[in-house]
Amino acid sequence: MNRRVPRGTLLAATLALLTTAALAQQQQEAPAQAPAPAATPAPAPAAAPAPAPASAPAPAPAAAPLAAAPAPAAPAAAALPPGSPLIGRPDNNPAAAKLAPVPAPPLATAENKLPLDKLKAPKGFNIEVYASGMPNARSMALSEKGTIYVGSRLQDKVYAITNKDGKRQVHVLVSGLYRPNGVAYKNGTLYIAELSQISKIDNVEDQIDKSPKPVVIYKDLPKDEAHGWKFMAIGPDNKLYVEVGQPGNNVLHDKDHGQIRRLNLDGTGAEVVAFGVRHSVGFDWNPKTKELYFTDNGRDWMSEDLPNDELNRVTKVGQDFGAPYCYQGNIADPEFGWGHSCSEFVAPVALMGPHAAALGMRFYTGTMFPSEYRDQIFVARHGSWNRSKKFGGDIALVKLNKDGSVKSVEPFITGFLQPDNNYVGRPVDVMNMPDGAMLISDDWNGAIWRVTYGPSKKVAGR
């Protein structure tokens, strides 16, 4: 599955993408490639997906028909670098011409400038700054000693946040990596997912200030820049799970893309768990059923209101979730949906809103929050760019029924996206803490927020 690309070519492609703002902040892009994965599609579940939050446009009808004709390719697309998010943008459309990924500030926000007063939480909840000064802070992992490891997508660094005697300190654990977005921790070992490889650092707690050199354990990953950054976590089966996104906005990907893989902790035994995944930057396991739930970003340039991002549930290995043939469980893709029905694929359990960039998610297993939050899902919605009126920029609460289906989706922490349609922060990942608090990473500000319940001197939004 691995394809070697000269480093000079890789760097040149990266610069070209950045000049078109291709990989600025949003998690949705794409160019055309080879055939879709050769997997037997699984039947769709009987339950319909839960609706998006009330503030989102209503989802498409339950059985949208195939389009009358394939959408013509934009003439200007050939001049764009492979994987550019602008591929597919409608021509001669003034509104679409204004849309492009929103670049993040190049530096972390100074702690005294963080927009704490802009964030709003439900009554009884409090938000404070946990740590700052980490440009492009993304995925998080926690050690048994309380050290928090933080990956980055646009930086070359993995950070470590130590907490000793109530004093937190941010360290650059390791630098010189390439898109080290994914981090996972188990029994003293930190695992790091870069663009095209997974590495590990054993006894990492003893090497916080020693700039340890990661040891590569798995290299069989594509090198595509578009959706090339990886999310990674360790499942209840003690295996590493890693996502491999589509190599562009909306493409017929080959057998190495559009999937979630799992492998042993030593890098052996890789297999595909889920197919038809456009780009997932967050997943977690139901603490009761041990089923895998994952967010998935919908394609761009279909319309401003469609498709919705998805929350999916894996009930057996090898299921196909539709991309690029079907989106949000009920919309056949105008270009690739021909000859397919959405009923061939597994429908999402919830719709997360149009172009919301639903990323990191966790089941809340703590006891600090009121009991109605226990075993429910919190999702970081990074926020849209492929929409004139942006959507997301919040932490959403997904409430479940006893059978694991979704009852509702509603905003929980808001304010990252302001009423003037501008971002003051962009949430990426969420994580439970041993005391029941919840952490939120924010790559816009390079900071980590802490959410608690109960009396506090620092209260957000009030």
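The values are calculated or read from the model by the stated rules, or taken from the named source; none is laboratory data. Computed from a predicted model, the values in this text were never measured in an experiment. All Cβ positions, glycine included, derive from the backbone under ideal geometry; neighbour counts span all protein chains shown. SASA here: full protein model, heavy atoms, side chains in, ligands and nucleic acids out. Shrake-Rupley method; radii C 1.70, N 1.55, O 1.52, S 1.80 Å.
Computed quantities for the displayed model
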read-out	value
Dipole in debye (nearest 20) - the range 190-330, about Cα centre, beta carbon charges: Lys, Arg +1; Asp, Glu -1	400 debye
Mean Cα-pair separation over length for the range 406-446, i.e. relative contact order, pairs under 8 Å, 6 or more apart, %	30 percent
With all protein chains modelled, accessible area of Val215 [1.4 Å, Å²]	80 Å²
Listed residue (Phe294, His355, Ala323) projecting farthest to the positive dipole end of the range 242-357, Cβ model	Phe294
Solvent-accessible surface (1.4 angstrom probe) belonging to Thr109, in square angstrom, nearest 10	30 Å²
Solvent-accessible area of Glu335 with every protein chain in place, 1.4 Å probe, in Å² to the nearest 10	90 Å²
Exceeding the 23 Å Cα-Cα cut-off - candidates Lys167/Lys210; Lys290/Lys399; Lys123/Lys399; Lys290/Lys402; Lys239/Lys407	Lys239/Lys407
Whole-Hz ³J(HN,Hα) from phi, Karplus 6.51 cos²θ - 1.76 cosθ + 1.60, for the range 152-158, glycine and proline x	9, 9, 9, 9, 9, 10, 10
Virtual spin-label span in nm between Asn421 and Asp202, 7 Å along Cα→Cβ	5.5 nm
Label-point separation in nm, Asp435 to Asp254, each point 7 Å along Cα→Cβ	5.0 nm
